[in-house]
Structures are given as C-alpha cells and as structure tokens.
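Quick notes on the structure that follows.
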Amino acid sequence: MTDTGTTTKTSLNKFEKFKAEKDGLAVKGEIEKFASLGWEAIDETDRDHRLKWMGVFFRPVTPGKFMMRMRIPNGVLNSNQIRVLASVVQRYGDDGSADITTRQNIQLRGIRIEDLPDILNRFHTVGLTSVQSGMDNVRNITGDPVAGLDADELYDTRELVQQIQDMLTNKGEGNPEFTNLPRKFNIAIAGGRDNSVHAEINDLAFVPAFKEENKVFGFNVLVGGFFSAKRCEAAIPLNAWVSPEDVVAVCRAVLEVYRDHGLRANRQKSRLMWLIEEWGLEKFRSQVEERLGKSLLPAAAKDEIDWEKRDHIGVYKQKQSGLNYVGLHIPVGRLYAEDMFEIASLAEVYGTSEIRLTVEQNIIIPNIPDSRLATFLTENLLERFSTNPDLLTRSLVSCTGAQFCNFALIETKNRALAMIKALEAELILTSPVRIHWTGCPNSCGQPQVADIGLMGTKTRKDGKTVEGVDIYMGGKVGKDAHLGTCVTKGIPCEDLQSVLRQLLIENFGARLREVVTVRN
Ligand code: SRM
Ligand code: SF4
C-alpha cells in the first residue's frame with residue numbers, strides 16, 4: 001500500500017491496527033479453540049471483531065448469543081440449505097430466529113460459540129458459507145431475485161454473482177487477498193429492467209446496457225454508492241461498459257485499487273466514494289484499467305432500466321411455460337425455525353426445492369406448475385406469509401433495531417409492524433407505499449430509498465428524552481432512482497402514528513375509513 005490514502009503507523013485507527021496485527025480471517029483456524037474456551041475467555045478483539053470475518057457477530061445486547069450472517073449469492077437457496085439454517089436456530093428455542101436482510105441474505109440468532117465447529121461443518125456439507133460477511137469485507141452480492149424465471153429479463157445474474165463470490169472468498173473457504181479492505185464494500189448486478197437490486201446504493205454496480213451500434217449486451221458500471229451515518233451518496237457512472245465475461249475481472253480490479261489505495265485514516269471517510277473524490281473519476285478509472293490490464297470501453301449511451309420496481313409478491317407466470325413463481329410476504333423478514341422447515345417443504349412439494357430471497361426481506365418460491373398452484377395457495381403458511389398483504393404491510397422494510405443491535409437508538413421491527421397495522425385500520429389506500437424503518441443513521445434499513453423513510457433518533461418530549469424518528473421522503477426506486485432526503489426531524493415515536501396518517505393522506509391518496517356506529 002503506497003498511496004496518499006495509506007496512513008503512517010502512528011495514525012492508524014484502532015481497526016487498522018488490529019487488522020495489521022492479525023488478519024481477521026486468521027480466526028478460521030481457531031474456531032475449535034474458541035469453542036472450548038467459551039465466549040467469555042476469548043480474546044476480546046478476536047471475539048468482538050475478528051470473528052466477523054467468519055460471519056460471527058458478538059452481540060453486546062445478548063452476550064453469549066451470537067448472530068451469524070450468511071452469504072447467499074443472488075439470494076438463491078435450496079430446501080436442504082434452509083433446513084440446515086432452521087435446525088441451527090431451532091436448537092436455541094426462544095432465543096433462535098432468523099432474519100432476511102436488506103441484502104437478500106439471512107442472519108441467524110442465538111448462536112453459542114461452543115456449537116460453531118459443528119455449525120460450520122453443517123454449512124459446508126450443504127454448500128453454505130458465512131465467510132467474509134462482516135467488517136472490512138465485501139457483503140453479500142445481490143442479483144435479480146427472479147433471474148432465470150422472468151420472461152422479460154435481460155440477463156440471468158445468478159452465475160456471475162456466484163463467480164464473483166467464489167473469486168472473493170475462494171469458493172467459500174476464505175481469501176486473504178480481500179480480507180483487509182479499508183471498509184465494507186457492496187456489489188450488485190441488475191439483470192432486469194426494474195433495478196431490483198437498488199444498484200444506486202452500492203459501491204460497485206452493474207446495470208444492463210446495450211452497445212447501440214451492434215446491440216451487444218453488457219453492463220454500464222456505477223461506482224461509489226453508499227450510506228453511512230455522516231454521509232449518503234448515490235453511485236455515479238464510471239463511464240465504462242463491460243461485457244458479462246469481464247464482470248468478475250472488473251470486480252477484482254476495482255477491489256484491488258480500493259484495497260491498495262483506499263483511505264484508511266478515518267473510518268468515516270473510507271468508503272470507495274471518498275477515494276474517487278480524492279483522485280477524481282478519471283484517475284480512478286485509469287487505475288482500474290491498469291489493474292485490469294486493458295482499456296475500459298466508454299459507457300453505453302443509455303442503460304435498460306426503464307421499469308418501475310416490482311416487489312414480486314403474488315403469483316407470476318415464469319418464462320418456462322406452465323410454471324409460476326410465487327412471492328410470499330414475510331413480515332419485516334423475521335423467520336422462526338418452524339417457518340423455515342415449512343418453507344423448505346413447500347418448495348419441495350410444489351416447486352423444485354428452490355427458494356429465493358429479495359432485498360425487501362421477502363421470499364419467492366419458483367417453479368410451481370399451473371396444476372399445483374391452486375392447492376399451493378390454500379396452504380396454511382400463506383395465511384401468515386401472504387401473497388396479497390395489505391398495501392402498507394406489503395412494502396414494509398425494517399432493520400434489526402434495538403432488540404439485537406447495540407447501535408440502535410430505537411426498537412424497529414416490532415414497532416414497525418404494530419404501527420402499520422394501526423394505520424391500516426384507520427386508512428384506505430389505493431396503492432402500496434414503501435415505508436422503511438432504520439434504527440440509527442447507519443441506514444441498514446435504507447430509509448433513503450423509501451417513499452417514507454424513518455430513521456431512529458433520540459428526541460425530547462415533555463422535558464424527557466424519548467425514542468423518535470427523523471422522516472425521509474422522496475426516495476425513488478427502479479427507473480430514474482434517486483435518494484430521498486430528510487424532511488422532518490425528531491418526531492417522538494408516540495406521536496408518529498398521527499404524523500404518518502397525515503403524510504399518507506396528503507401525499508399518497510390515503511382516505512380515512514368511515515367510522516361505523518353500530519346501533520342496537
Ligand atoms: Fe448494516 C452495521 C445490520 C444492511 C450500513 N449493520 C451493521 C451492524 C453489523 C452493526 C452491529 O454490529 O450491530 C448491524 C447488525 C445488527 C444485527 O444484529 O442484525 C447491521 N445491515 C444490517 C442488516 C441485517 C439490516 C437488516 O435488517 O436487513 C443488513 C445486512 C445486510 C447483509 O446481509 O449483509 C444491513 N447496512 C446495510 C445496508 C443496506 C444495503 O447494503 O443495501 C447499509 C447501507 C448501505 C451501505 O452500506 O452503503 C448498511 N451497517 C451499515 C453501516 C454504515 C456503513 C458506513 O460506511 O458507515 C454500519 C456501521 C459500520 O459498518 O460501521 C452497519
Ligand atoms: Fe443496527 Fe443501526 Fe443498522 Fe439498524 S441501522 S441494524 S440499528 S446499525
């Protein structure tokens with residue numbers, strides 16, 4: 001590391017220091033030792049930080065009960081994998097649950113350190129990995145949730161996403177080439193016309209685009225999108241078009257440039273966009289070309305994102321004749337072991353054992369034949385995981401919040417569900433309104449992409465500090481995506497229902513339900 005972004009030894013922040021002392025991935029060889037030591041005796045830096053290189057997160061809110069973050073490339077799972085995930089959380093009874101994340105991924109709760117060797121073995125046998133899913137690593141790579149199913153898709157993203165993950169993680173075994181980035185890094189590939197991955201909020205994103213002259217398919221490249229507590233930016237065009245065959249190499253080149261030159265002194269200024277700004281886009285682009293070993297072609301004049309974003313909930317015809325994919329709404333992404341076993345069975349009985357995850361924290365079961373569809377729709381599980389939820393419930397997204405996250409300033413998931421139910425009881429809506437909750441300014445629940453985004457904060461009411469939210473509006477997804485901005489600050493959560501009611505009436509065409517008075 002030799003550039004201006006590199007810091008001298010004296011100015012290393014505590015994260016850079018501990019990474020320099022011992023690579024995070026080194027804990028892979030110590031899992032058995034940790035398991036026999038028990039969580040309280042593990043070296044604190046290994047326990048609280050380095051274990052995240054194996055996807056294992058110490059939770060100060062629930063000490064001794066760890067969270068495990070998987071990698072589910074393109075959000076594609078099979079029934080054996082989901083059963084293994086279910087059996088892991090089942091062991092922890094009431095402590096065990098799983099969440100579908102805003103990166104088309106799964107996190108498990110309640111993990112005990114003594115079970116880790118066995119859990120990792122079981123992951124291995126079904127082709128699952130949790131490696132490099134936290135801290136200064138590349139996060140789960142998102143792709144089109146209906147890749148290979150959608151008649152209108154431009155590119156089936158599954159294989160490419162898997163190839164990038166394999167390159168980054170050495171096929172899930174861990175790859176020290178990419179375990180010391182300056183900060184986290186997000187990659188997404190859009191394959192359809194509706195930008196189902198929120199390309200604009202990734203450090204590196206590929207969006208479908210044809211080279212006009214000869215109609216050759218490829219991707220325009222976007223760089224530098226990120227959210228952080230201090231700053232949020234949409235990705236900007238790199239002015240590069242790449243063919244699908246070059247996507248993995250371009251990911252590698254961008255990551256090498258970021259790894260070797262990214263700014264490391266201040267963690268609030270370490271995401272890729274800061275390096276691009278320091279260098280200017282031209283220098284960044286030419287450094288990527290140097291690593292790539294060839295010139296990048298200029299971007300195609302336009303990309304192919306020209307649809308409104310779909311949520312995939314409900315029943316849809318696949319491109320394969322006679323088959324359907326069905327999107328089930330999972331309230332705020334929360335699953336319990338028995339739900340996961342049930343989902344695995346339904347996917348086997350009615351489909352081809354496959355399950356997809358979406359960035360809206362829902363699931364899709366593909367490949368259900370026309371002849372089995374009506375019966376599938378009568379399954380009991382669909383009463384809770386509906387194919388036709390109410391219009392506010394339908395688009396609700398929430399980050400983890402105070403139940404498990406020590407950064408949280410407020411409780412999110414349960415509050416979000418209760419608030420939506422209360423609003424649905426008083427209002428009639430005519431179209432979905434996308435409401436996203438996030439428990440703190442880190443923005444894991446992506447309030448900036450929502451119609452109405454709610455960001456946890458502390459505020460004052462009647463002389464007391466209470467839980468509150470800052471309200472974001474104007475987030476646009478799909479075609480012409482852009483980020484919403486903060487419109488109101490510090491609404492106490494206890495006053496929020498009436499504020500949201502008013503916003504929904506004034507901005508989204510909601511009407512108050514008539515109050516029916518029952519007379520004897
Ligand atoms: Fe996040 C940190 C949860 C998506 C921005 N995020 C955290 C931690 C690890 C903090 C912690 O240690 O407690 C949270 C774990 C809580 C827990 O126990 O679940 C956490 N982030 C999540 C998830 C689970 C939210 C969800 O409920 O879906 C998402 C997991 C995604 C995954 O599967 O990998 C999640 N986080 C995001 C996103 C959204 C996205 O990627 O589209 C963002 C904003 C986009 C971005 O990163 O540019 C996001 N998370 C952050 C940040 C701010 C990053 C920064 O540059 O400052 C932090 C704090 C940090 O990294 O220091 C953070
Ligand atoms: Fe935790 Fe804040 Fe992320 Fe929510 S937004 S999961 S509260 S870090």
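The values are calculated or read from the model by the stated rules, or taken from the named source; none is laboratory data. Here the structure is a predicted model, which means the values were calculated and not measured. Counting neighbours? That spans all protein chains shown, and the Cβs are built from the backbone with ideal geometry, glycine included. Quick note on the areas: whole protein, heavy atoms, side chains included, nothing else; ligands and nucleic acids left out. Shrake-Rupley method; radii C 1.70, N 1.55, O 1.52, S 1.80 Å.
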- [ ] Largest first and in whole Å, give the semi-axes of the range 434-474's equivalent ellipsoid, each being the square root of 5 times a Cα gyration tensor eigenvalue.
- [x] 21, 10, 6
Open item on the list: Return the unpartnered cysteines for the chain, using a Cβ-Cβ cut-off of under 4.7 Å.
Closed with: Cys232, Cys251, Cys405, Cys440, Cys486, Cys493
- [ ] Heavy atoms only, probe 1.4 Å: what % of the accessible area of the chain goes to carbon and sulfur, would you let me know?
- [x] 50 percent
TODO: At a temperature of 10 °C and a viscosity of 1.306 mPa s, determine how fast the range 9-292 diffuses translationally according to Stokes-Einstein, using the Kirkwood radius over alpha-carbon pairs as Rh; express D in µm²/s, rounded to the nearest whole number.
DONE: 81 µm²/s
Open item on the list: Rolling a 1.4 Å sphere over the protein heavy atoms, what is the accessible area per residue of the range 314-388, to the nearest Å²?
Closed with: 38 Å²
Task: √(5λ) per eigenvalue of the Cα gyration tensor, the chain, largest first, Å - done: 34, 28, 26
Task: Whole-Hz couplings from phi, Karplus 6.51/-1.76/1.60, listed for the range 62-76; x for Gly and Pro - done: 10, x, x, 10, 8, 9, 10, 9, 7, 10, 10, x, 6, x, 9
Task: Given Lys184/Lys269; Lys19/Lys52; Lys17/Lys184; Lys184/Lys479; Lys421/Lys461, the pairs whose alpha carbons are separated by over 19 Å - done: Lys184/Lys479; Lys421/Lys461
Open item on the list: Students often check this: by mean Cβ neighbours within 10 Å, which of 375-382, 460-467, 442-449, 61-68 ranks highest, and how do the rest follow?
Closed with: 442-449, 61-68, 375-382, 460-467
Open item on the list: As a test question: what accessible area, to the nearest 10 Å², does Trp437 have when a 1.4 Å probe is rolled over all protein chains in place?
Closed with: 0 Å²
Task: Alpha carbon centroid spacing (whole Å) that separates the range 441-520 from the range 34-88 - done: 33 Å
Task: Glu212-Gln320 FRET efficiency (beta carbon distance; Förster radius 30 Å; 0.05 resolution) - done: 0.45
Open item on the list: When a/c reaches 1.5 or more, the comparison of a/b and b/c decides; with that in mind, is the range 394-512 rounded, prolate or oblate per its Cα gyration tensor?
Closed with: oblate
Open item on the list: Using the Cα centre of the chain as the reference point, and only Cβ charges (+1 on K/R, -1 on D/E), how large is the resulting charge dipole? Debye, rounded to the nearest 20.
Closed with: 1080 debye
Open item on the list: Test of understanding: express the Cα radius of gyration of the range 4-141 as a ratio to 2.2 N^0.38 Å, with N the residue count.
Closed with: 1.08
- [ ] Quote the charge dipole size of the range 249-373 about the Cα centre in Debye, to the nearest 20; the model charges only the Cβ of Lys and Arg (+1) and of Asp and Glu (-1).
- [x] 420 debye
TODO: Using label points projected 7 Å from each Cα along Cα→Cβ, tell me how many nm separate Asp95 and Glu277, to one decimal.
DONE: 4.3 nm
TODO: Grab the eigenvalues of the alpha-carbon gyration tensor for the range 241-322, scale each by 5, take roots, and send me the semi-axes largest first in whole angstrom.
DONE: 34, 19, 13
Open item on the list: With θ taken as phi - 60° and the coefficients 6.51, -1.76 and 1.60, list the Karplus ³J(HN,Hα) couplings across the range 77-94 in order, rounded to whole Hz; mark glycine and proline as x.
Closed with: 10, 10, 5, 5, 5, 5, 5, 4, 4, 5, 5, 5, 6, 4, 4, 9, x, 5
TODO: At 7 Å along the Cα-to-beta-carbon direction for both Val466 and Asn80, put a label point, then send me their distance in nm to one decimal.
DONE: 5.4 nm
Open item on the list: Students often forget the sequence filter, so: which aspartates and glutamates lie under 15 Å Cα-Cα from Lys413 once same-chain residues fewer than 8 apart are removed?
Closed with: Asp99, Glu360, Glu467
Task: Ser228, Ser345, ranked by accessible area, largest first (probe 1.4 Å) - done: Ser345, Ser228
